[in-house]
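**Student:** Input: one structure, supplied below.
The values are calculated or read from the model by the stated rules, or taken from the named source; none is laboratory data. Just so it is clear, the structure is predicted and the values come from calculations on it, not from any experiment. Note that we place each Cβ from the backbone using ideal geometry, even for glycine, and neighbour counts take in every protein chain shown.
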């Protein structure tokens, strides 16, 4: 993992905490980092503390899958259902403004 990728991970974590943690009652449920040869894969999930086994665990959690390139650029996959019944798969570059952008773009 490069220094730029580590910096991007730290920046993403801070952005998640400032955007998705609405109070001290929220926490990371999942923070999974996998280092591959040409990129780093990050899957994170946030939710309320103690929501395991409740409907909040299904409906009130935020999740995203991000890819971090060797120079710290962040992209994420987007799948869109078209009117003709087919699906379009693409990749978007994250602009660092809000972590909600990839979270909402990846909701099913």
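**Student:** Which numbered condition trips up residue 80, out of (1) touching a residue at least 12 places away in the same chain (Cβ under 8 Å); (2) touching a strand residue (DSSP E or B) at 6+ places or on another chain (Cβ under 8 Å)?
**Tutor:** The one condition residue 80 does not meet is (1).
**Student:** Just checking, how many residues over segment 2-33 are exposed (fewer than 13 other Cβ atoms within 10 Å of the Cβ), under 15 Å from residue 73 (Cα atoms) and in contact (Cβ under 8 Å) with a residue 24 or more places away in the chain?
**Tutor:** 1
**Student:** Now for a different question. Checking residue 81 against (1) buried (at least 16 other Cβ atoms within 10 Å of the Cβ); (2) modelled with pLDDT under 80, which single condition isn't satisfied?
**Tutor:** Every condition holds for residue 81 apart from (1).
**Student:** Right, here's the next one. Based on this model, can you work out whether residue 99 counts as in contact with a helix residue (DSSP H, G or I) (Cβ under 7 Å, 6 or more places away or on another chain), at pLDDT below 85 and surrounded by 12 or more Cβ atoms within 10 Å (Cβ to Cβ)?
**Tutor:** Against the criterion (in contact with a helix residue (DSSP H, G or I) (Cβ under 7 Å, 6 or more places away or on another chain), at pLDDT below 85 and surrounded by 12 or more Cβ atoms within 10 Å (Cβ to Cβ)), residue 99 qualifies.
**Student:** Filter segment 1-20 down to the residues that are modelled with pLDDT under 90 and touching a strand residue (DSSP E or B) at 6+ places or on another chain (Cβ under 7 Å), then identify the one that is farthest from residue 96 (Cα to Cα).
**Tutor:** Selected residue: 1.
**Student:** Tell me, which residue of segment 34-55 that is surrounded by 14 or more Cβ atoms within 10 Å (Cβ to Cβ) and touching a residue at least 24 places away in the same chain (Cβ under 8 Å) is farthest from residue 70 (Cα to Cα)?
**Tutor:** Per the stated criteria, the residue is 46.
**Student:** Considering only segment 37-49, how many residues are more than 20 Å from residue 107 (Cβ to Cβ) and touching a strand residue (DSSP E or B) at 6+ places or on another chain (Cβ under 9 Å)?
**Tutor:** The number of residues fulfilling the criteria is 3.
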